[in-house]
Each structure stands twice: as C-alpha cells, then as structure tokens.
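Scroll down for the structure; my scribbles are underneath it.
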There are 2 protein chains.
Amino acid sequence: MSERRIGFIGTGIMGAPLVGHLLRGGCRVTVHSRTRAKAEPLLVQGATWADTPAGAAAEIDVLFVMVTDTPDVEQVLFGENGAAAVLPRGTVVVDLSTISPSGTRSIAARLAEQGVDFLDAPVTGGDVGARNATLTILVGGRAEAFDRVRPLLEQLGRRIVHVGPSGAGQALKACNQVLCAVNLMGVCEALLLARSAGIAPEVLIDALSAGAGGSWALANYGPRMAAGDMAPGFMVKLQQKDLRIVQEAGQAAGVVMPATALAQQMFRSVEARPGGGELGTQAMITAYRHLCGNGDEQPTRPSHRT
Amino acid sequence: MSERRIGFIGTGIMGAPLVGHLLRGGCRVTVHSRTRAKAEPLLVQGATWADTPAGAAAEIDVLFVMVTDTPDVEQVLFGENGAAAVLPRGTVVVDLSTISPSGTRSIAARLAEQGVDFLDAPVTGGDVGARNATLTILVGGRAEAFDRVRPLLEQLGRRIVHVGPSGAGQALKACNQVLCAVNLMGVCEALLLARSAGIAPEVLIDALSAGAGGSWALANYGPRMAAGDMAPGFMVKLQQKDLRIVQEAGQAAGVVMPATALAQQMFRSVEARPGGGELGTQAMITAYRHLCGNGDEQPTRPSHRT
C-alpha cells in the first residue's frame, strides 16, 4: 500500500526538517503548527497549511505528530478542532513526540475504538539527526501498522526499531534518557576532578574516549563543556520533562533509580537560575561548579596545581 | 639509549602478559612476585626469577611495578629487601599500578633524592588489553624519563599518553574510574526500567548503543548483565580501591562527586554479600535488583507487563 497523503502536526526544530524529507520523498504533506511562521519555509517547499489539527488530518493516510508532552498530543488529537474527530478508519497516527508510555497506551486504546492505529515512535539523535535523516526511531504498536509506515520512517531516520506493543517505543526512549542523564554526571565529575589536577579537558577527552570510560556524552558534550558552549542541542527543560516520564514509569513498575534521581536534581539546579531551562543539557557542569564553590569561574580552564 | 635490562615486580593477571611482551621484544627481564607460582610460565619463556624486590632491581635500566595499592608499591620499593636500596642512579621506575596521586608524588620525591625517576603509568584496558598489548597507558612524570621508556611502553600498549608531571597519570586514571563507575549505574537503571516494560536487554543494547545514550559500559557490561555473567573482568574490590583513591583526590581538591559516591555505595552493597568483592563490576546490577525487591530472580529476564 502506498501511503503518500500525509498530515504533520508540529513543525518545530525537530518536525520541520522531517517534513522536508517527506516532501522530497514525493509525499503530499499538510502541516499544522501552533506558530504558522515556523511552517512557512515548508509551504515554500510545497507543503499545504491547515489552520487546525483537524485540517491536517482530513483525507490523509498517515498523520505524524511531533509536539512536546503528553497533554500536547492529547490536545491536538482530542482537543478543540482535534484531529481524531476527522481521522478515517484505517489511518495510522505516528507520534514522534517523547511522552509517557502509559499516556500512550490510553491514547492508542481510545483511537483503536474508531479503527485508527496509534504508533509511539519517539526519536533519538537530536536536531542534527532530524536534519540529516539519521535518527533512531523507537516504535511501539501493532506490527501491521508498523509495516505500513516503515517506508515513511525510513525517509526520516537511519535506524528504525519495532520495540514491541503500544508504549514500548516510549519505554525504550525513557531508558535512553536515563543513560544520557547519568552518563552526563560522569562527564561532569571526571572533568572537574581532572581540572583540579591541572589536566586540560581536551587531554581527558582525547585519552579516555576510546576506552572503558568512553561514552557518547563524553565525546560530544565534553568538548562543549570545555569550550563553555551551553547552547542547546537538547534543552535542560526538555530533558527534565523526559526524566519526569522516566520517574512516572519507574514508580509504576517499582524500579528504583537513584542515579537518575540525582541527575534530575542536578538539572533542577541548572533550572533554578534565570534561563537555565533553555540551556543545553551540558550545562549540568554549571550546577557542579556551584556545588564545588567555584560557580563564578570558567568550569574547565585548567589550573596547574600539581 | 637502549633500555634492555628490565626488572618487573608483580606478575599477576595484568603483569604476567606484559612481561611476555617485553621478553618477545628482546628484553632481559628479571621478575619478582609475591607468589612464585604465578611467575613460573614466564621463567619458561626466558625470564629470570628473583626472590626479593631488591633482587629484581639489581643491574637494570628500568624497573616496572604492577601491584595493587599505594602501600604495596611503597613496600616493594622501601620495605624489607626493597628495590630502592639497590636502584642505581639514572634508573627509571615505571609504576603501572593504580595508586593515589599524592602517594605517587611522595614516592617520586623520595626516589628523586637518589637520582631515580619514578613515572606513574596506570593502565586502562583490562586483562584483555594486557594480553593483546592494546592498553592505554597514562603517564605522569618528567618528560626526559618518559621519552626514555616510551619504546618499552609501546611494546605494552597501543595508546601511550604523557599526561603531565608526577601524579598526573594517576589523576587521569582516577577520572577514568569515575566515568566507568557512573556509566555503569546508567546501564543498570536503564536495563531494569526496560525489563519492567517487557523490553529484552538485547533490544535495548542493540537499539541504543550507537546513539546518545551509548557507552563502553553499555556495549560491554550490558550483555554480561543480561546473561547473568558476573565473572571478572575487573573485580568490584579493585574498583572500590580505585574509588577510594578518587575520593581522596576529590577531598583534597574540593571536588564534589555525588554520582561517584552513589556508585561506591552500590558497589558496597555488592561487597556486603559473601564473595561479592571478587565479582566483576557488572555485578552492580545485583545490588540494584535487591533495591528493587527482586533480588532472588534473574535480573534481566524480560517479563511482558505491557
């Protein structure tokens, strides 16, 4: 079956480049976003504008949603002028947002009543991955629906994984966020310990990245911390939203995650300062600097004390 | 200058294969170890046995030491029949052990008085790296001494880094141990969260290792945790020894490391059970299982609760 008529709700930093890939792949795409200005470049590329979520969901085969949180997904589907009211039986909704696994299962059950499949399909790989179509996409939901939309997902990402039933994609994304948050603490503590010994961050990153202490966080966030570059990347406030989802899932299942909880507190310390939530997650190093009593100096300028 | 007459003290799991590399590289090696039996295979390969540390240090150019902790290094150098008493002026001592940076500086100062260089040269890469000569070696001490022994170190490892002055190699090794310990908590918490959602560990490891949550710990310890394989690798009790060194260095410098401290506590929980200290560090997952109230079941057998 060819799925060429696409609705796409949410054309922000992540959504917009994905719509571009679909357009270049030959799809007819109707877009809706809270802020029309963000969609304008896509209209130039051939997308059609819809004033409401329902407008983006009319006469389509597949509806993509790429918004922030569980209530946002519920709003565009079931709120005023929501998409669900007009989705034809047999449509597949692909939710690229990172939201709660349990909320996902509720939404999927509600849409199943009208014969619509809801796949959770959160992504990892960031804005760079979205632009270069190198995302990993973690999919939960019925295998038949997954098979139908897989060719579309392959236009958006490099690694497409059907994890399991509804919610499983979000559950695995939550695990990914645990890893990202905890690994980041290791990078901060190692860089600060190195600095106290007069070891430049570049020396640490270069010597240790390929070894047993290596991580994506060290190789990618270490240099930004060293350079004092706190631009997002991935905003602290979105990481915190994801960690709330992690804790909700952990609480429901009785999974004790003390390191993840500690990472949340470190990010909370970043958020406690004006504009902190809009910094990239590598700004965790600034919270550590304050903990170590040197919040006013550059965090990673080596001082030779040996 | 050709440095061909070698003394080597400590022929355990790490030291023995390194002596083998030196012998194959054409060096004359005199070995001493607490347990002579561990050195026997090396004697067959051409090494000479010495009954005491002093015996291994006579008429040599370079003395390698590969023992466990700071007091062990002090003992073989300055204890009864210690090596220091017989080391000729101009000798270089290369300490491959992982010990305290401050202890290292004290030893270096003491040996400098008799015209002997002491290089700290802790390694990372484990027993596999020792056998395959793929270790990373992190060296602290005078550049002239480093340059002299570099050809020997290149027989032992793949990546030889002169980090800085005396103690800098140990300081960077401490940073590496911070990364290893903290990353391991991320792996444990992510695997347990995945399991609670019915996601098999293999699916998580396969889907997330190449992404933003990826780490050496996930790729290498994740599968062992999944298989219930708790064999060392790197023993919990040695990791704990290294984390004590980390905390000593952190305390001296005013570096606050809450995640590292939490990792120490998790390892302490592993050590609290009989034989726990001799397990591999991936056994941290068993402490988490007990925290989550399911200490008696297999940690990573997925249960489909979705």
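The values are calculated or read from the model by the stated rules, or taken from the named source; none is laboratory data. What you see is a predicted model, and the numbers here were worked out from it, not measured in a lab. Ideal geometry is used to build each Cβ from the backbone, glycine not excepted, and the neighbour counts take in all protein chains shown. Just so you know, the surface numbers come from the protein's heavy atoms only, side chains and all, with ligands and any DNA or RNA stripped out. Shrake-Rupley method; radii C 1.70, N 1.55, O 1.52, S 1.80 Å.
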Restricting the range A:260-277 to residues that are more than 13 Å from every other protein chain (Cβ to nearest Cβ) and more than 30 Å from A:R105 (Cα to Cα), the residue that is surrounded by the fewest Cβ atoms within 10 Å (Cβ to Cβ): A:P274
Positions within the range A:233-273 being under 12 Å from the mean Cα position of the chain (by Cα) and among the acidic types (D, E), in sequence order: A:D242
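Quick check: is even one residue across the range B:30-43 touching an Asp or Glu at 6+ places or on another chain (Cβ under 8 Å), more than 14 Å from chain A (Cβ to nearest Cβ) and modelled with pLDDT of 95 or more?
Going residue by residue through the range B:30-43, those that are touching an Asp or Glu at 6+ places or on another chain (Cβ under 8 Å) are B:32.
So of that shortlist, the ones also more than 14 Å from chain A (Cβ to nearest Cβ) come out as B:32.
Then keep just the ones that are modelled with pLDDT of 95 or more; that gives B:32.
Within the range B:30-43, one or more residues are touching an Asp or Glu at 6+ places or on another chain (Cβ under 8 Å), more than 14 Å from chain A (Cβ to nearest Cβ) and modelled with pLDDT of 95 or more.
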Output yes when any residue across the range B:289-302 is modelled with pLDDT of 95 or more, among the aliphatic types (A, V, I, L, M), within 21 Å of A:G186 (Cα to Cα) and surrounded by 14 or more Cβ atoms within 10 Å (Cβ to Cβ), and no when none is. no
The range B:228-270, residues that are within 22 Å of B:S97 (Cα to Cα) and of a type in the set (S, T, Y): B:T260
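Would you say B:T98 is open to solvent by 40 Å² or more (accessible area, probe 1.4 Å) and either in contact (Cβ under 8 Å) with a residue 40 or more places away in the chain or in a strand (DSSP E or B) (or both)?
Working: open to solvent by 40 Å² or more (accessible area, probe 1.4 Å): no; either in contact (Cβ under 8 Å) with a residue 40 or more places away in the chain or in a strand (DSSP E or B) (or both): yes.
Taking the combined requirement at face value, the residue does not satisfy it.
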Working carefully through the options B:G103, B:G157, find the one that is touching a strand residue (DSSP E or B) at 6+ places or on another chain (Cβ under 6 Å) and at pLDDT 95 or above. B:G157
So which of A:A219, A:A207 is free of Cβ contacts under 8 Å to residues at least 12 places away in the same chain and within 24 Å of B:A217 (Cα to Cα)? A:A207
Options B:A58, B:A39, B:A83, B:A108: the member that is open to solvent by 40 Å² or more (accessible area, probe 1.4 Å) and either over 18 Å from the mean Cα position of the chain (by Cα) or in the same structural domain as B:R244 (by TED's automatic domain parsing) (or both): B:A58
I'd like the residue in the range B:177-193 that is at the interface with chain A (Cβ under 7 Å from one of its Cβ atoms), touching a residue at least 60 places away in the same chain (Cβ under 8 Å) and not β-branched (V, I, T) and, out of all such residues, is nearest to B:I245 (Cα to Cα). B:C180
Would you mention how many residues in the range A:1-36 are assigned to a strand (DSSP E or B) and open to solvent by less than 50 Å² (accessible area, probe 1.4 Å)? 8
Residue hits (the range B:138-159; more than 10 Å from chain A (Cβ to nearest Cβ) and part of a strand (DSSP E or B)) are B:V139, B:G157
Scope the range A:42-53; condition within 22 Å of A:R110 (Cβ to Cβ) and open to solvent by 20 Å² or more (accessible area, probe 1.4 Å); matching residues: A:T52
Restricting to the range A:138-188, and then to whatever is under 27 Å from A:G115 (Cα atoms) and charged (D, E, K, R), can you tell me which residue is most open to solvent (accessible area, probe 1.4 Å)? A:R142
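Taking the residues in the range B:246-259 that are in a helix (DSSP H, G or I) and either open to solvent by 10 Å² or more (accessible area, probe 1.4 Å) or modelled with pLDDT under 95 (or both) as candidates, determine which candidate is nearest to the other protein chains (Cβ to nearest Cβ). Walk me through it before giving the result.
So in the range B:246-259, the residues in a helix (DSSP H, G or I) come out as B:246-253, B:258-259.
Next, from what is left, pick out any that are either open to solvent by 10 Å² or more (accessible area, probe 1.4 Å) or modelled with pLDDT under 95 (or both): B:247-249, B:251-253, B:258.
Details: B:Q247: 10, B:E248: 11, B:A249: 6, B:Q251: 10, B:A252: 8, B:A253: 3, B:P258: 6 Å.
Applying the filter and picking the extreme gives B:A253.
Count, please, the residues in the range B:194-230 that happen to be more than 7 Å from chain A (Cβ to nearest Cβ) and either outside any helix (DSSP H, G or I) or of a type in the set (A, V, I, L, M) (or both). Steps first, please.
To start, the set of residues in the range B:194-230 that are more than 7 Å from chain A (Cβ to nearest Cβ) comprises B:195, B:200-202, B:205-206, B:209-210, B:217, B:219-230.
Then drop every residue that is not either outside any helix (DSSP H, G or I) or of a type in the set (A, V, I, L, M) (or both), which leaves B:200, B:205, B:209-210, B:217, B:219, B:225-230.
Within the range B:194-230, residues that are more than 7 Å from chain A (Cβ to nearest Cβ) and either outside any helix (DSSP H, G or I) or of a type in the set (A, V, I, L, M) (or both) number 12.
So which of A:G169, A:G233 ends up being at positive phi and either more than 7 Å from chain B (Cβ to nearest Cβ) or out of contact with any Leu (no Cβ under 9 Å at 6 or more places or on another chain) (or both)? Before you say what the answer is, go through the steps one by one.
On the way: A:G169 fails: at positive phi.
One residue alone meets the criteria, A:G233.
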